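The values are calculated or read from the model by the stated rules, or taken from the named source; none is laboratory data. Quick caveat, the model's predicted, so the values are computed rather than measured. Here the Cβ positions follow ideal geometry from the backbone for every residue, glycine too, while neighbour counts run over all protein chains shown.
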Amino acid sequence: MSTFVLVPGAWLGGWVWKKVTPLLQEKGHRVYPVTLTGTGNRVHLASKDVGMETAIQDVMSIIEYNDLDDIVLVGHSFAGKVVAPVADRAHKKVKMILYLDAARPEKIRGPQAAFNPSEFPRPPGSWEVPFSEKVIEMIGKDVQGADREWMLAKATPWPVRHAADPISLSEKFDAVKSAYIFCTGSGDPVDEIVAGKWGKLEGPYKIMDTGHWPMITKPKELVEDMLSLTSS
């Protein structure tokens, strides 16, 4: 049995794991979907001050107040830069990081992983990036029908500091195991990534023929890959 802590990417909350959570639980695993401050059912807490440290503390609190250990930290999309510092700080409790079509921080000292989400437009001066059907078309065209309607109804604006804030990792992070799932339809050059052109992969990987949200479009296949990668 494993303990999965599922951290969603931009615009999402714990709701996005709705199809995945029961599939993992049916196999005997413990599952903790996370909703970061300012998103999902915590959207009422959104403000210009919500940034990476808030997100990191959100996950650290889940670990602390549920007495979790031997954790598989799953970070989707931008949340790769959330789970990495969490694993750094809680390294004795983390079995592995699983990067799900996610940002992959490097094992270096010093600030990293800040970026400007300029490909997703926002109103001038706004501290949030809105979600729209255009975003789905850009990185997840396979979300269709009722799934698309559900996603558009539940997604909330993304605090821009989640992108803009850098993170820093200590030497404790270097020993944390990693695994990866890449999605062919999200716009990233998967072939180049697995060939090492965008940085060395530090562990095993799977490739899924999906857009950026396989937890919505192919939950069964996603769970199979998750368990395959984390079972060793």
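Summed over region 17-65, the residues that are closer than 21 Å to G80 by Cβ and either among the small types (G, A, S) or at pLDDT below 95 (or both) give a count of 5.
Please work out if F173 is assigned to a strand (DSSP E or B) and either out of contact with any strand residue (DSSP E or B) (no Cβ under 8 Å at 6 or more places or on another chain) or in contact (Cβ under 8 Å) with a residue 12 or more places away in the chain (or both). Answer is no for this residue.
Each residue in region 130-168 was checked for being small (G, A, S) and free of Cβ contacts under 8 Å to residues at least 40 places away in the same chain, and 4 of them qualify. Residues that are part of a helix (DSSP H, G or I) and either surrounded by 21 or more Cβ atoms within 10 Å (Cβ to Cβ) or of a type in the set (A, V, I, L, M, F, W, C) (or both) within region 49-58 comprise M52, A55, I56, listed in sequence order. Summed over region 94-130, residues that are in a loop (DSSP other than H, G, I, E, B), of a type in the set (D, E, K, R) and buried (at least 19 other Cβ atoms within 10 Å of the Cβ) total 2. Looking at this structure, is L222 closer than 16 Å to F4 by Cβ, touching a residue at least 12 places away in the same chain (Cβ under 8 Å) and either surrounded by fewer than 21 Cβ atoms within 10 Å (Cβ to Cβ) or out of contact with any Ser or Thr (no Cβ under 9 Å at 6 or more places or on another chain) (or both)? Criteria not met by L222. Considering the conditions (1) assigned to a helix (DSSP H, G or I); (2) under 18 Å from the mean Cα position of the chain (by Cα); (3) not charged (D, E, K, R), W150 is excluded by exactly one of them, (2).
Yes/no matrix, rows are residues, columns are (1) in contact with a strand residue (DSSP E or B) (Cβ under 8 Å, 6 or more places away or on another chain); (2) part of a helix (DSSP H, G or I); (3) of a type in the set (A, V, I, L, M):
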{"position": "Q25", "(1), (2), (3)": "yes, yes, no"}
{"position": "M60", "(1), (2), (3)": "no, yes, yes"}
{"position": "L73", "(1), (2), (3)": "yes, no, yes"}
{"position": "A79", "(1), (2), (3)": "yes, yes, yes"}
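Considering region 33-46, the residues that are surrounded by fewer than 20 Cβ atoms within 10 Å (Cβ to Cβ) and touching a residue at least 24 places away in the same chain (Cβ under 8 Å) include one that is nearest to T21 (Cα to Cα), namely N41. Against the list (1) of a type outside the set (F, W, Y); (2) surrounded by fewer than 23 Cβ atoms within 10 Å (Cβ to Cβ); (3) part of a strand (DSSP E or B), the condition D69 fails is (3). The residue that is nearest to the chain's Cα centre (by Cα), counting only those in region 61-74 that are under 19 Å from S231 (Cβ atoms) and of a type outside the set (D, E), is V74.
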